[in-house]
Amino acid sequence: MSAAEAGDVFHRARGRTLDAFSSEKEREWKGPFYFIQGADPQFGLMKAWATGDCDNGGDEWEQEIRLAEQAVQAINKLNPKPKFFVLCGDLVHAMPGRPWRKEQTEDLQRVLRTVDSDIPLVLVSGNHDVGNVPTPETIAEFQRTWGDDYFSFWVGGVLFLVLNSQFLYDASRCPALKQEHDRWLEQQLRTAGQRACRHAVVFQHIPLFLQTIGEDDDYFNLTKSVRKEMADKFVEAGVKAVFSGHYHRNAGGTYRNLDMVVSSAIGCQLGKDAHGLRVVVVTAEKIIHRYYSLDELSEKGIEDDLMDLLKEN
Ligand SMILES: [Zn+2]
């Protein structure tokens, strides 16, 4: 596959925006719409988890291919079509430089290329995608493979910010890139703060917190000081919701009216949730979301009460 070919689907995030929604008209509110959020297809984790060797395992990912295919089929059947499909990171399990990374990436790209071409893909970088401690090289590799690691875009008057949460986790090996990211984020939040948008929404792989702002630090959240600083900045800019993955379980909570939404995985489950996707409806007043198992979504589609919200004006 040539880079140009890949460019059609996977390099739409360029120049810190998404070319699918570059029109000036997207800055205006035109009524309710919805999108689909997924997280952690993470090709290879199920085998690695089963064998208890998460650093070296992951030499098979057939099950994850089938789950990702099921997710794409469920999305393609939806009517009306979602505005976009955002994948909140950990696209593949193999870390940069590890065995199977290339194969996992190619298999995921093959599946994602079957997403209806009218439904733009929005790809968020996770720790497995750029490494727990990213470097300029791992970030450049992500950009070559999937497009920009952070960017913003407008859809129907709503400002969406895609962050690279590894900068918030450990930027010790890429301080200059983190600085650029932070400057960019300040600027984006200023735009949001001026209330030029109907809503502002953030996508990032690692959740700020899993349940409450004051919870203890662990592998699955950002450290207390970083999380508080970010959450306050978001709240002050009027950000309504942050959507994340990383936890492989559904979770979340609110902080000063900020809705922290943690969605379980398309791939490996670490709790009792089903493999699934989240449907997110954006109305003039609110952002309403519900997690569906892949089976439910493909068999029954989106429930009427959510569909009814799309008719309101
Ligand atoms: Zn992760």
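The values are calculated or read from the model by the stated rules, or taken from the named source; none is laboratory data. These numbers were taken from a predicted model, which means no experiment stands behind them. Reconstructed Cβ throughout: ideal geometry from the backbone, glycine too, with neighbour counts over all protein chains shown. To get the accessible areas, we keep the full protein, side chains included, count just its heavy atoms, and leave off ligands, DNA and RNA. Shrake-Rupley method; radii C 1.70, N 1.55, O 1.52, S 1.80 Å.
Observations, loosely collected:
- With respect to the conditions (1) aliphatic (A, V, I, L, M); (2) open to solvent by less than 40 Å² (accessible area, probe 1.4 Å); (3) under 18 Å from residue 124 (Cα atoms), residue 210 lacks only one, and its number is (3).
- Residues located in the stretch 138-149, provided they are open to solvent by 10 Å² or more (accessible area, probe 1.4 Å) and touching a residue at least 24 places away in the same chain (Cβ under 8 Å): 138, 141, 144, 145, 146, 148
- Within the stretch 42-65, tally of residues that are open to solvent by 60 Å² or more (accessible area, probe 1.4 Å), assigned to a helix (DSSP H, G or I) and either within 17 Å of residue 111 (Cα to Cα) or of a type in the set (A, V, I, L, M, F, W, C) (or both): 4
- Filtered residue count, the stretch 128-137, keeping only those that are closer than 19 Å to residue 179 by Cα and either open to solvent by less than 20 Å² (accessible area, probe 1.4 Å) or modelled with pLDDT under 95 (or both): 4
- From the list 240, 224, the lone residue that is over 18 Å from residue 18 (Cα atoms), open to solvent by 50 Å² or more (accessible area, probe 1.4 Å), touching a strand residue (DSSP E or B) at 6+ places or on another chain (Cβ under 7 Å) and not aliphatic (A, V, I, L, M) is 240.
- Beta carbons closer than 8 Å, at least 6 apart along the sequence or on distinct chains, pair a first residue in the stretch 191-214 that is farther than 18 Å from residue 165 by Cβ with a second that is at pLDDT below 95 and polar (S, T, N, Q) for 197/191.
- Strands (runs of 3 or more DSSP E) wholly inside the stretch 204-313 that include at least 2 residues being closer than 21 Å to residue 86 by Cα and among the aromatic types (Phe, Trp, Tyr): 287-293
- Residue that is nearest to the ligand (Cβ to nearest atom) [pool: residues in the stretch 39-72 that are touching a residue at least 60 places away in the same chain (Cβ under 8 Å) and closer than 27 Å to residue 158 by Cβ]: 40
- Residues in the stretch 85-127 that are surrounded by fewer than 22 Cβ atoms within 10 Å (Cβ to Cβ), more than 14 Å from the ligand (Cβ to nearest atom) and part of a loop (DSSP other than H, G, I, E, B): 97, 98, 99, 100, 113, 114, 115, 116, 117, 118, 119.
- Annotation: of all residues in the stretch 167-185 being touching a residue at least 24 places away in the same chain (Cβ under 8 Å) and under 26 Å from residue 156 (Cα atoms), the one that is nearest to the ligand (Cβ to nearest atom) is 181.
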